[in-house]
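Please read the structure below before turning to the comments.
Computed from the coordinates by the stated procedures, all read-outs in this text should not be read as laboratory data. Keep in mind that this is a model prediction, so the values were computed, not measured. Cβ coordinates were reconstructed from backbone atoms using ideal geometry, including for glycine residues, and neighbour counts include every protein chain displayed.
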């Protein structure tokens, strides 16, 4: 284990008690030297909007929200908060499923830190106020470059890279954190340091997979890649809705099939109600090669599935391929919030046939009768992710085979979330794996006890 504990930052994974008004006044006085730094207080009319979490099921912010304009501003905020014994949290995109970005007495909102530059060698320096959509668009425009990352344009580049950063391109190019060359970090004492393989090496190791408790990352330096010439997206279409038995058998076949796929191929399976009392099942992904090669690979799968199926493909350029899977990359308009509960499982082997059948049975019975809007997703890992040594970074799931996400929201995306909704998701997970061994931190579950969270997020 690396020696990183001495750098622990003032970020806490639970809502904190609101501090007395005097501390807020002292904080404002301390920050008065900073030019044009916006401060949002709970008493302000605009605070309700600025403090709203992405997940409306969790408690909104209670602390002061500060909008620094530079890394020096971030340092000043941290120092002033420490002087007033106020805990600090950082918000890059604010997409934490548990709203942890808003958990501090002082929330450092990084949305004004928007610089992105790419040099002639493809090295990109990106401030963490940028969202994934902005990252993808900008590095493409500055030399047709690419990075592996998730498919939601509104996710922040700060937390996404800190905990992993999985996406469709990851089996080919690794996780987003695998492309990090250096990080600019504000530590708990206000100092601004660079973490890399040659400077603050232990901190650099910890930041890549260990999360945000070591400081506030204000910028990443990425080693970008030349964007692939083509992206082939594909969906396997079935002649009719799958029965429960057909769905179980298809997933069992799929698990076996994906073990030998080339790194250039991403694969996912989705289950969700179709709105007509039947299950919508989708086998889909991307391939960074030719359409002919893709269809040749998939033929072995389609011929073994229990129902007749066809393969729908689109051959696109890199940026159009991102739009096809991610939607519009433009994030100028506010993102619509949701009211949901989610969990995950990280597996290193195929789940047994009996567990597949148990899970699919639950989806077809309890799932189809639920009033919640839900989906279950299985993503294939491996490839370039697994090619990196398990101790090269703090990311603990190098040996992951399939990562499952279970997500349920209210039908109108608004509160309240029903009490039995959490039970519904928990039972969905238990149907796959009664005793969860490992989970993905970017799909954080705030209902876990500290003891359980430490075990399953670090296994």
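Tell me, 135, 316, 368, 301 in order of fewest to most beta-carbon neighbours within 10 Å?
368, 316, 301, 135
Just to be sure I understand: of the beta bridges DSSP finds with both ends in the chain, what percent are antiparallel, rounded to 5?
Looking only at bridges with both residues in the chain, the antiparallel portion is about 90 percent.
Going by Cα centres, the range 48-87 and the range 239-310 are how many Å apart?
With the range 48-87 and the range 239-310 each reduced to a Cα centre, they are spaced 44 Å.
For helix 244-257, what angle does its Cα long axis make with the longest principal axis of the chain, in degrees from 0 to 90 and rounded to 10?
Once rounded, the angle reads 70 degrees.
Just need the relative contact order of the range 255-397 here, percent rounded to a whole number, with Cα pairs under 8 Å and 6+ apart.
38 percent
On a C-alpha basis, how far is the centre of the range 91-108 from the centre of the range 394-417 in Å? Whole number, if you could?
Here the two parts' Cα centres lie 18 Å apart.
Based only on other Cβ atoms within 10 Å, what is the fewest-to-most ordering of 114, 76, 343, 276?
276, 114, 76, 343
Angle, helix 21-30 long axis vs. longest principal axis of the chain, Cα atoms, 0 to 90°, nearest 10?
80 degrees
If you rank 393, 365, 230 by fewest surrounding Cβ atoms within 10 Å, what's the result?
Least crowded to most crowded, the residues run 365, 230, 393.
What is the helix-to-structure angle for 419-432, meaning the angle in degrees between its Cα long axis and the longest Cα principal axis of the chain, kept from 0 to 90 and rounded to the nearest 10?
Taking Cα atoms only, the helix is inclined about 50 degrees.
Classify the range 231-458 as rounded, prolate or oblate from the Cα gyration tensor: take a ≥ b ≥ c as the square roots of its eigenvalues, call it rounded if a/c is under 1.5, otherwise prolate when a/b beats b/c and oblate if not.
Rounded, since a/c falls under 1.5.
So what is the calculated 222 nm ellipticity per residue for the chain, using -39500 (n - 2.57) for each DSSP H run with n of 4 or more, over all residues, to the nearest 500 deg cm²/dmol?
When only DSSP H runs of four or more count, the value is -8000 deg cm²/dmol.
Could you tell me which of rounded, prolate or oblate describes the range 329-445, using a ≥ b ≥ c as the square roots of the eigenvalues of the alpha-carbon gyration tensor, with rounded for a/c under 1.5 and, failing that, prolate when a/b is larger than b/c and oblate otherwise?
Taking the square roots of the gyration eigenvalues as a ≥ b ≥ c, the range 329-445 is oblate.
So what's the gap between the Cα centers of the range 322-371 and the range 121-168, to the nearest angstrom?
23 Å
Among [x] 35; [y] 31; [z] 52, which is the computed percent of Cα pairs over 35 Å apart?
Step by step, percent of Cα pairs over 35 Å apart for this structure corresponds to label [y].
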